[in-house]
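S.K.: Below you will find the structure I want to go over with you.
The values are calculated or read from the model by the stated rules, or taken from the named source; none is laboratory data. These numbers come from a predicted model, not from an experiment. Cβ placement follows ideal geometry from the backbone for every residue including glycine, while neighbour counts extend to all protein chains displayed. With ligands, DNA and RNA removed, areas are computed over all heavy atoms of the protein, side chains included. Shrake-Rupley method; radii C 1.70, N 1.55, O 1.52, S 1.80 Å.
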Amino acid sequence: MTPYRRALGGLLVLATAAGLTACAGNDDDTSGQRKAERSASTHASGTHASGTHASGTHANAARSTTGHPRTRALLKRLTTKDGGPGASVALRDRTGSRVLTSGLADVKSKEPMRADSRFRIGSMTKPFVATVVLQLVGEGRMSLDAPVERYLPGLIRGHGNDGRKITVRQVLQQTSGLPDYLNSIKTEDVLKNPLTHYEARDLVKRALRYRPGFEPGKKWEYSNTNYVLAGLLVERVTGNTYGHEIRRRVIEPLGLRQTSVPHDSTKIRGPHPRGYARPGKDAPLQDITALNPTVLGPSGSMISNGADFNRFLDALVHGKLLRAAEQRELTKTRPTGDGEGGAYGLGIESHPLSCGGLSWGADGGVPGYQTLAAVTRDGRRATGMVNLYPGETNAQDKDLTSLVRTALCEGRAAKPHK
């Protein structure tokens, strides 16, 4: 998992650089804006563990204080010292599956975080899109080494950007050199007008106002434009929306009942925590739960929960969604230069674990929610979430990463993983 301040680019970088001004927000689930002081985020009374069915539905809310002590400590830290309102982590290891929670789903009502909560997963949408593209490659309907121009003629032109020189593989692997369209969208505008609709082609055109960061294939640099483009590739080749293809090819076959591609819908249906942003250093939390996800589109629009995402990522890494040839392409990586051994494949990233072996995963940041997930080859899984973004503390960024990595290592078998 690449550190947030570089991996997520766009919205997070702008949140840091622009100094965000306080602003009002809309929410179609509430009558008016919900606000609370920062101290509300400290109402965490320890962590809870709930059993889950395979699809992530709520089973029982029995309180548990045993097992995974380091993971629980980090989870509580996220909702106290780190300033997050609430947090959760869905785990699977040799002892079974569970969801640990801490803190609040709603700082106004003081409702605790639920184990079966759905949330926006931001850039963790990218592995779903990459999966569909790779399935199309396996069907002979697309080629990884073909230029984007073959499928979207004339779209990538301007300021040195040229779709004739960028391949599908480079788009999926973040080596295209395309600028990030989020550089043209001010964070304060998104927080002030969260229900604004964006067209995917217009997002690509925004990116083309800037010169490419480098010659295609020469470097690795995260750009959300790549996955907006990947979604357009899916739509051009299949004649269906990227969401339709994700549902047909991934969500339905895996039985991911808590996972959806909302397109223009601004609501999160089913149980979910409120999503918050902090629009200034000393500003109160802003409820940003209602959001038109077209601002992120194929690069970050989806909704899921921890158990569902664990199931998806495990299926992807263990070859249950792709043919053998495309599976090999998925895990051919390029170093990200994060200083921690991170390497990016086609939509997923590998990282060495302190307890040995590699994890494979993705991270995400979308107004209201910060997420991170990883799995290992021997079946350990962890998906973490905090319902505050942007405006989170540096400590939250660091400890969410530590939470997932600790959950994977704390749940390892006694025999070292190789």
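S.K.: In segment 132-148, is there at least one residue being touching a residue at least 40 places away in the same chain (Cβ under 8 Å), outside any strand (DSSP E or B) and farther than 30 Å from Asn226 by Cα?
M.R.: Checked segment 132-148: no residue is touching a residue at least 40 places away in the same chain (Cβ under 8 Å), outside any strand (DSSP E or B) and farther than 30 Å from Asn226 by Cα.
S.K.: Continuing with this model, one more query. Name the residue that is farthest from the chain's Cα centre (by Cα), counting only residues in segment 351-379 that are open to solvent by less than 10 Å² (accessible area, probe 1.4 Å) and farther than 11 Å from Ile121 by Cα.
M.R.: In this case the residue turns out to be Thr376.
S.K.: Return the residues of segment 53-82 that are modelled with pLDDT under 95, surrounded by 15 or more Cβ atoms within 10 Å (Cβ to Cβ) and not in a loop (DSSP other than H, G, I, E, B); say none if nothing qualifies.
M.R.: Matches in segment 53-82: His58, Ala59.
S.K.: Taking the options Gly345, Gly306, name whichever one is in contact (Cβ under 8 Å) with a residue 40 or more places away in the chain, surrounded by 17 or more Cβ atoms within 10 Å (Cβ to Cβ), within 28 Å of Arg114 (Cα to Cα) and not β-branched (Val, Ile, Thr).
M.R.: When all the criteria are applied, what remains is Gly306.
S.K.: Being under 30 Å from Val171 (Cα atoms) and either in a loop (DSSP other than H, G, I, E, B) or not aromatic (Phe, Trp, Tyr) (or both) is the filter here; which residues of segment 107-131 pass it?
M.R.: In the first step, residues of segment 107-131 are kept if they are under 30 Å from Val171 (Cα atoms); the result is 118-131.
Listed by number, the residues that qualify are Arg118, Arg120, Ile121, Gly122, Ser123, Met124, Thr125, Lys126, Pro127, Val129, Ala130, Thr131.
S.K.: Criterion first (within 24 Å of Gln135 (Cβ to Cβ) and either over 21 Å from the mean Cα position of the chain (by Cα) or aromatic (Phe, Trp, Tyr) (or both)) does Arg211 satisfy it?
M.R.: Criteria not met by Arg211.
S.K.: When you look at Val171, is it at negative phi, touching a Leu at 6+ places or on another chain (Cβ under 7 Å) and at pLDDT 95 or above, yes or no?
M.R.: Yes.
S.K.: Hey, another quick one. Just need a number here: residues in segment 319-336 that are touching a residue at least 24 places away in the same chain (Cβ under 8 Å), in a loop (DSSP other than H, G, I, E, B) and either open to solvent by less than 70 Å² (accessible area, probe 1.4 Å) or aromatic (Phe, Trp, Tyr) (or both).
M.R.: Of the residues in segment 319-336, 4 are touching a residue at least 24 places away in the same chain (Cβ under 8 Å), in a loop (DSSP other than H, G, I, E, B) and either open to solvent by less than 70 Å² (accessible area, probe 1.4 Å) or aromatic (Phe, Trp, Tyr) (or both).
S.K.: Just give me the residues in segment 341-379 being among the charged types (D, E, K, R), over 23 Å from Gly275 (Cα atoms) and touching a helix residue (DSSP H, G or I) at 6+ places or on another chain (Cβ under 9 Å), in sequence order.
M.R.: Glu349, Arg377
S.K.: In segment 388-408, what residues are in contact with a strand residue (DSSP E or B) (Cβ under 8 Å, 6 or more places away or on another chain) and assigned to a helix (DSSP H, G or I)?
M.R.: Gln396, Asp397, Leu400, Thr401, Leu403, Val404, Arg405, Ala407, Leu408 - these are the residues of segment 388-408 that are in contact with a strand residue (DSSP E or B) (Cβ under 8 Å, 6 or more places away or on another chain) and assigned to a helix (DSSP H, G or I).
S.K.: While we're on this one: Is at least one residue of segment 83-106 of a type in the set (Asp, Glu), at pLDDT 95 or above and part of a loop (DSSP other than H, G, I, E, B)?
M.R.: No: segment 83-106 contains no residue that is of a type in the set (Asp, Glu), at pLDDT 95 or above and part of a loop (DSSP other than H, G, I, E, B).
S.K.: Is it the case that segment 348-364 has a residue that's among the aliphatic types (A, V, I, L, M) and part of a strand (DSSP E or B)?
M.R.: Yes, segment 348-364 has at least one match.
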